[in-house]
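S.K.: Provided herewith is a single structure, encoded as structure tokens, for subsequent inquiry.
The values are calculated or read from the model by the stated rules, or taken from the named source; none is laboratory data. Just so we're clear, the structure is a prediction, and the values are computed from it rather than from any experiment. So basically every Cβ, Gly included, is an ideal-geometry build from the backbone, and we count neighbours across all protein chains shown. Just so you know, the surface numbers come from the protein's heavy atoms only, side chains and all, with ligands and any DNA or RNA stripped out. Shrake-Rupley method; radii C 1.70, N 1.55, O 1.52, S 1.80 Å.
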Amino acid sequence: QTGTVAANPEQYDQAYICPVTIGSQTLHLDFDTGSSDLWVFSNLMPSSEVDGQTEFNTNSAGATKKDGYTWSISYGDGSGASGVVYADTVNVGGATATSQAVEAATSVSSEFTSDTGSDGLLGLAFSSINQVKPTPQTTFFDTVKSSLEAELFTADLQSNGPGSYTFGYIDSSKYTGSITYTAVDNSQGFWGFTAGGYTVGGGGSNSTGTIGSAIADTGTSLMYLPTAAVQSYYSQVSGSSYSSSQGGYIFPCSASLPSLTVSIGGHGFVVPGSNFNYSPTGSGNTCFGGLQENTGIGFTIFGDVFLRAVYAIFDETQGSPRIGFAAQ
Ligand SMILES: CN(C)c1ccc(C(=O)NN)cc1
């Protein structure tokens, strides 16, 4: 089987939300290659923590409670959720898992309550970091992958308009040139890979140092690189500065933003300057940068700012996982 689903950006391309049918309900979930739990808002939650989201009905006929199973998850930004576990049919654009662990929230943090466009998350990292106890559950991809035409999924994220995820096949209309594959280190449960040198602007100069190990994370809005690369980038943005009050680099919204070329698997991938204007700060006609330092996170994250510039293939067809990127 295969699946094809639209990926709809929230405001400022903060996250990408996809329709998922669970039993007879359709919920809109944040597809996240940086985590491994499929969890949903549910009827078990206090109404104070729900702000218009669709709730998974745990009393529906097709939902089977997994007694004694619980989950609790926290994300890099300090947000989190917890609850209990059901099994139900999950259909993503035609790819169907007949018995998928659906983690029904009994409580979510304020960041999720206020994320009114999302009814939950669908994790696409490795099942080794699934947070269900006493027994970790498989991700949707792991549950269905043996039934897919090819054991892979792809992400085509667009700015301010629908992109798509596919399961089981590569859509050759989504990219130009060839796909460059590189090995994945999933020892931490993420789609980890090694990135090479970078160049700020088309000048071919400034390529100083290498980026090193990184993860591809559709659930993270921005791109977080080592300090040296980030300082090199903003040294080319007139009027930019680090704002402790805003918690990152900002610049005049009128600033001209250079591109950033990153070498992966020996191929240079160009992130256009426009990708690095994330959102207005709300004060002084300054804008918040889509590129920020990875200090405090502990690893380098190629989030949506990067992934919008490429077609990404998350591939387990070779036995060992690999990740592919192509220009789009
Ligand atoms: C609060 N929300 C919507 C989040 C969604 C996803 C993540 C995340 O780190 N994914 N890899 C964090 C927070």
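S.K.: Could you list, in sequence order, all residues of segment 39-52 that are open to solvent by 10 Å² or more (accessible area, probe 1.4 Å) and touching a strand residue (DSSP E or B) at 6+ places or on another chain (Cβ under 8 Å)?
M.R.: Selection gives Asn43, Leu44, Met45, Pro46, Glu49.
S.K.: Now for a separate question. Identify the single condition in (1) open to solvent by less than 20 Å² (accessible area, probe 1.4 Å); (2) within 13 Å of the ligand (Cβ to nearest atom); (3) of a type in the set (S, T, N, Q) that Gln14 does not satisfy, given that it satisfies every other one.
M.R.: (1)
S.K.: From the list Ala105, Ala97, Ala63, pick out the single residue that is within 16 Å of the ligand (Cβ to nearest atom) and either touching a residue at least 40 places away in the same chain (Cβ under 8 Å) or among the basic types (Lys, Arg) (or both).
M.R.: Just one listed residue meets the conditions, Ala105.
S.K.: Continuing with this model, one more query. For segment 102-115, what are the residues that are more than 18 Å from Gly219 (Cβ to Cβ) and either open to solvent by 10 Å² or more (accessible area, probe 1.4 Å) or of a type in the set (Phe, Trp, Tyr) (or both)?
M.R.: Within segment 102-115, Thr106, Ser107 qualify.
S.K.: For segment 53-89, how many residues meet the condition of being assigned to a strand (DSSP E or B) and open to solvent by 50 Å² or more (accessible area, probe 1.4 Å)?
M.R.: 10
S.K.: Can you tell me which of Gly83, Gly123 is within 28 Å of Thr300 (Cβ to Cβ) and within 16 Å of the ligand (Cβ to nearest atom)?
M.R.: Unique residue meeting the criteria: Gly123.
S.K.: Within segment 48-55, does at least one residue satisfy the condition of being within 27 Å of Phe167 (Cα to Cα) and either within 16 Å of the ligand (Cβ to nearest atom) or under 20 Å from the mean Cα position of the chain (by Cα) (or both)?
M.R.: yes
S.K.: Next question, about the same structure. Restricting attention to segment 29-37, does a residue exist that is surrounded by fewer than 21 Cβ atoms within 10 Å (Cβ to Cβ), in contact (Cβ under 8 Å) with a residue 40 or more places away in the chain and either at positive phi or within 22 Å of the chain's Cα centre (by Cα) (or both)?
M.R.: No - not one qualifying residue is present in segment 29-37.
S.K.: Moving to a separate point now. Among the numbered criteria (1) closer than 30 Å to Asn59 by Cα; (2) outside any strand (DSSP E or B); (3) open to solvent by 20 Å² or more (accessible area, probe 1.4 Å); (4) within 16 Å of the ligand (Cβ to nearest atom), which single criterion is violated by Asp142?
M.R.: (4)
S.K.: Then there's this: Which numbered condition trips up Ala312, out of (1) open to solvent by 10 Å² or more (accessible area, probe 1.4 Å); (2) touching a residue at least 60 places away in the same chain (Cβ under 8 Å); (3) among the aliphatic types (A, V, I, L, M)?
M.R.: (1)
S.K.: Does segment 179-187 include one or more residues that are of a type in the set (Val, Ile, Thr) and closer than 19 Å to Gly290 by Cα?
M.R.: Looking through segment 179-187, none of the residues is of a type in the set (Val, Ile, Thr) and closer than 19 Å to Gly290 by Cα.
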